[in-house]
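What follows is one structure encoded as structure tokens, with my remarks underneath.
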Amino acid sequence: MLFVILTLLVYVSYGEIFFNTDDNSTIQNYDNEQPYNIYKWVQQLQLQTCAFVGIGLKYYALFVENIEYKQNNTIKSTNYFLGICHYSTLETWNLCSNSLAKKRRNKCTFKLKPGVYQSRVHRRFCDFKVMVKNKDCSCVSSILQENLFKVRGFPMCYIPSLPYSICKYNVCGLSKCSSLTVENSVHSVRCDVACMTGNPFCEGPMHRSSAPPKMNSHWSKWSHQEIAVADGSESQPSRTSSEASSSKKFSSVATCINKYRNLKGLDCLGPGTGCCPPNSSNCICETVEKQGGLVLKRSYELQKTGRINTPLKIKQHQKRSSRKYIRSLRDTNNNMDDDEEEEDDLDEDIVLEEDTTETTPSTTEYLEKEELDEQVSNDLEDRIIQLRQNITSSKSHSSKFKCISEKILRWLLFILVVVFL
């Protein structure tokens with residue numbers, strides 16, 4: 001009987017420990033630490049490129065990356081910290097939609113082969129509509145006696161105090177690391193640009209797993225079916241700014257297109273916060289899969305503030321370089337594939353970069369290019385019309401002057417003839 005009582009006491013004590021552990025994993029003590037809340041920021045993200053950076057003990061830090069190719073066989077990126085997690089959880093995560101994962105399996109999962117040399121950095125596609133539904137990382141354990149806290153709005157953990165703790169665990173290897181806060185809420189790191197390799201996290205030469213995913217598609221222009229919807233009434237065609245009411249609702253659609261097959265694509269990045277016009281309100285953007293391709297839908301309201309600025313072009317991702325350089329880089333890395341031993345589709349081995357240079361961050365400003373072009377065109381037309389009128393008036397004045405001068409000469413000749421006769 002005494003044995004049974006002791007056994008029950010042991011079970012009760014273990015049960016209390018387990019319950020307290022679970023409670024700590026969901027309701028943590030944030031008295032001395034401000035929570036890392038990125039819920040609103042993550043909700044704006046669609047398909048992006050991201051980097052898993054090893055920090056030791058099979059833990060990885062996850063960063064969203066905006067990548068730009070440089071001319072010296074390296075890449076430059078702006079990164080945004082999402083959290084850290086143990087590999088045992090990350091290998092179970094879904095990173096992409098099912099359709100994209102079927103075509104690009106190696107860039108849509110994070111599974112490393114045991115016993116094989118692995119790079120410190122691994123780059124993948126990250127569809128955040130899918131990733132926010134993944135299993136939560138365990139924030140109960142600790143790293144080198146440092147407690148983990150839950151990230152608000154994303155199923156990962158972090159070590160206080162942010163942003164300084166990000167550099168504490170070698171995300172830049174042995175190189176200099178600095179941390180900062182961007183976009184008012186999200187943290188970022190900057191590694192030494194003069195490090196040996198010059199790569200974003202000062203990682204070694206590009207391994208297959210650390211190479212960025214290749215994109216073969218781009219967003220089309222916004223559809224020209226933007227409509228103003230009056231409150232409580234049927235849809236009406238959009239009007240000019242002088243006729244616009246104080247607030248109007250608009251909607252438009254863009255399609256992901258494969259640049260080389262002219263078919264619908266699945267690997268268009270973003271556009272993130274670049275989806276909404278700068279003067280809009282209540283803007284909602286979402287990507288949906290329709291008939292084998294991605295479709296981007298947006299709805300928003302515009303206030304009556306003069307001209308209605310509705311950008312027709314989606315903000316392109318920051319990944320840009322010259323076509324000549326990309327082809328030469330591909331020739332020197334013929335044997336590099338997306339991941340271990342898998343081959344991509346035929347069209348996925350073609351890099352889709354254009355000979356353009358990105359001059360703005362991927363989640364910031366819009367240039368209302370078409371409106372500026374239209375305004376300049378109108379100004380030129382007005383000037384041309386004015387010049388024509390001036391030329392016509394000058395011609396008429398010159399013809400009148402010529403006629404008068406001829407009459408005067410005739411009268412002078414007549415007077416001279418009469419005098420001499």
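What follows is calculated from the coordinates using simple rules that are stated; it is not laboratory data. A quick note: this is a predicted structure, and the numbers were derived from the prediction, not measured. As a convention, Cβ positions derive from the backbone with ideal geometry for all residues, glycine included, and neighbour counts pool all protein chains shown.
Values for this structure:
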| quantity | calculated |
| --- | --- |
| Contour minus Cα-Cα distance for residue 409 and residue 102 (0.36 nm per residue) | 101.1 nm |
| Residue 301/residue 70 FRET efficiency (R0 41 Å; Cβ-Cβ; nearest 0.05) | 0.55 |
| Cα gyration tensor shape for the range 117-173, rounded if a/c is under 1.5, else prolate or oblate | oblate |
| Extension gain (nm, one decimal) between residue 388 and residue 132, 0.36 nm per residue minus Cα-Cα | 85.8 nm |
| Extension gain (nm, one decimal) between residue 161 and residue 288, 0.36 nm per residue minus Cα-Cα | 42.0 nm |
| Of 107/150; 150/264; 111/214, those spanning more than 29 Å from alpha-carbon to alpha-carbon | 150/264 |
| Spin-label proximity, residue 185 to the range 283-304 - amide N less than 19 Å from point 7 Å beyond Cα toward beta carbon | 283-287 |
| FRET efficiency estimate (nearest 0.05) - Cβ-Cβ, residue 118 to residue 194, R0 22 angstrom | 0.30 |
